[in-house]
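The values are calculated or read from the model by the stated rules, or taken from the named source; none is laboratory data. In this text the structure is predicted, and so the values were computed from the model without any measurement. Every residue, glycine as well, gets a Cβ built from its backbone with ideal geometry; the counts of neighbours run over all protein chains shown. Please note that ligands, DNA and RNA were not included when accessible areas were found on the heavy atoms of the full protein model with its side chains. Shrake-Rupley method; radii C 1.70, N 1.55, O 1.52, S 1.80 Å.
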Amino acid sequence: MMELDKALADFLASEGIFQQMFDHIRLVEQDGHYVCKRNQDGSCSITDETCFSVWGRKHRCTNCVSQQTYNENRQHVKFEYANDRYYFVIARPVHLRGQKYALEFVMDVTNQFTKNNPEEENFVMNLIHELERVSSRDPFTNLFNKKHLQTELATALQEQKSVPALSDQPLYLSLWDIDNFKKINDTYGHDVGDNILLYVAGALQRGIKPQNGITARFGGDEFAILFRSRDYAHCQQLLSTIKAEIDSYTHHGMTCNETVCFRVSVSYGLADVRQADSPENAIHIADQQLYTHKRKIHENDGR
């Protein structure tokens with residue numbers, strides 16, 4: 001069978017890629033190692049580096065386009081800022097020698113966008129950061145969005161496997177939803193429903209600091225927390241405190257032309273997802289815990 005370095009060189013030649021445009025071209029595996037790279041003379045060679053080593057980092061980027069490309073089987077692009085340089089990155093899925101890879105093209109675009117004046121505000125860096133912030137946020141609640149949650153989950157699961165010190169450590173994911181939210185919308189209207197969504201999002205954001213984990217709107221009235229903490233009791237304490245705040249808050253709505261006061265409750269599940277083989281599997285495990293929790297509440301209400 002043809003060696004991988006020769007296969008990559010032939011692929012690049014057959015695609016007619018203008019190689020001189022790019023400073024790095026490398027073939028990246030699912031775990032973040034790039035196993036083959038293009039050299040300055042146009043040849044390719046086998047290597048065993050990580051895709052994030054070019055940025056001078058010790059861990060995979062949270063916006064890793066190679067990982068997204070591999071998982072979603074489609075092309076992704078991004079801007080990256082590292083070591084006072086700006087890079088444009090393209091990643092596309094390819095199959096070589098019967099195996100799937102992400103083929104990553106990296107171009108240094110620093111001189112195309114910036115002036116070498118350290119006293120000037122760095123407009124491009126601010127623009128890159130703002131684009132990344134917007135693309136990772138839910139526009140209504142300003143929490144992280146589902147895509148960002150899945151990216152963070154994929155990174156965390158990969159670290160569980162690749163970092164020996166983490167292999168036996170738990171990884172906690174919590175899913176939330178608002179009880180009877182459709183009934184609330186039907187009874188009081190969508191404006192009231194929107195206000196409740198914003199209140200719940202705010203309570204989650206206040207209760208989960210960045211050092212504790214990330215909070216995302218998963219969709220509709222569903223929310224998620226991916227914990228950095230490995231302490232189950234600490235995670236449960238944070239969750240119960242947030243739930244108590246949400247459940248005790250009094251909302252106002254109109255029904256039959258009268259203002260009424262009412263409260264809204266939320267349910268959550270907390271799961272150790274370290275054994276999950278994908279972000280989707282991790283979310284499924286946490287979802288099962290959420291509905292186990294809701295079933296217990298309904299059973300208790302029926303007694």
Which condition number in (1) open to solvent by 40 Å² or more (accessible area, probe 1.4 Å); (2) closer than 26 Å to R295 by Cβ; (3) modelled with pLDDT under 95 is the one that A276 fails?
(1)
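For segment 114-125, indicate whether the set of residues that are modelled with pLDDT of 80 or more and part of a loop (DSSP other than H, G, I, E, B) is non-empty.
Filtering segment 114-125 down to residues modelled with pLDDT of 80 or more leaves none.
The answer is no, given that none of the residues of segment 114-125 is modelled with pLDDT of 80 or more and part of a loop (DSSP other than H, G, I, E, B).
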Might you let me know whether segment 252-273 holds any residue that is touching a Pro at 6+ places or on another chain (Cβ under 6 Å) and open to solvent by 20 Å² or more (accessible area, probe 1.4 Å)?
yes
Would you point out the residue of segment 71-86, among those that are part of a strand (DSSP E or B) and surrounded by 14 or more Cβ atoms within 10 Å (Cβ to Cβ), that is farthest from the chain's Cα centre (by Cα)?
R85
Test each condition in (1) among the polar types (S, T, N, Q); (2) in contact with a Ser or Thr (Cβ under 8 Å, 6 or more places away or on another chain); (3) open to solvent by 40 Å² or more (accessible area, probe 1.4 Å) for N212 and report the one that comes out false.
(3)
What do you reckon, is R217 out of contact with any Asp or Glu (no Cβ under 9 Å at 6 or more places or on another chain) and closer than 23 Å to N281 by Cα?
no
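Any residue at all in segment 14-29 that's within 22 Å of S136 (Cβ to Cβ) and either open to solvent by 50 Å² or more (accessible area, probe 1.4 Å) or in a strand (DSSP E or B) (or both)?
From segment 14-29, those within 22 Å of S136 (Cβ to Cβ) are 28; that's our starting set.
Narrowing the set further to residues that are either open to solvent by 50 Å² or more (accessible area, probe 1.4 Å) or in a strand (DSSP E or B) (or both) leaves 28.
Scanning segment 14-29 turns up at least one residue that is within 22 Å of S136 (Cβ to Cβ) and either open to solvent by 50 Å² or more (accessible area, probe 1.4 Å) or in a strand (DSSP E or B) (or both).
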Of the residues in segment 54-77, how many are without any contact (Cβ under 8 Å) to a residue 24 or more places away in the chain and under 19 Å from T110 (Cα atoms)?
1
Go through the residues of segment 87-97 one by one and say whether even a single one is modelled with pLDDT of 85 or more, outside any loop (DSSP other than H, G, I, E, B) and in contact with a Gly (Cβ under 8 Å, 6 or more places away or on another chain).
no
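Can you go through A154, A201 and tell me which one is at pLDDT 95 or above and among the hydrophobic types (A, V, I, L, M, F, W, C)? Break it down into steps so the answer makes sense when it comes.
Details: A154 fails: at pLDDT 95 or above.
Answer to the check: A201.
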Mind checking which residues of segment 214-251 are free of Cβ contacts under 8 Å to residues at least 24 places away in the same chain and under 19 Å from A201 (Cβ atoms)?
S240, A244, D247, S248, T250
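Yes or no: Q67 under 23 Å from L149 (Cβ atoms) and either open to solvent by 40 Å² or more (accessible area, probe 1.4 Å) or small (G, A, S) (or both)? Steps first, please.
Numbers: under 23 Å from L149 (Cβ atoms): yes; either open to solvent by 40 Å² or more (accessible area, probe 1.4 Å) or small (G, A, S) (or both): no.
When the stated conditions are applied, Q67 does not pass them.
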Among (1) touching a Phe, Trp or Tyr at 6+ places or on another chain (Cβ under 9 Å); (2) without any contact (Cβ under 8 Å) to a residue 40 or more places away in the chain; (3) of a type in the set (D, E), where does D272 come up short?
(2)
Restricting segment 185-203 to residues that are in contact (Cβ under 8 Å) with a residue 40 or more places away in the chain and open to solvent by 20 Å² or more (accessible area, probe 1.4 Å), the one farthest from P139 (Cα to Cα) turns out to be T187
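So that you can scan it fast, the table gives a plain yes or no per residue for (1) outside any loop (DSSP other than H, G, I, E, B); (2) touching a helix residue (DSSP H, G or I) at 6+ places or on another chain (Cβ under 9 Å):
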| position | (1), (2) |
| --- | --- |
| C36 | yes, yes |
| Q40 | no, no |
| V54 | yes, no |
| R57 | no, no |
| R60 | no, yes |
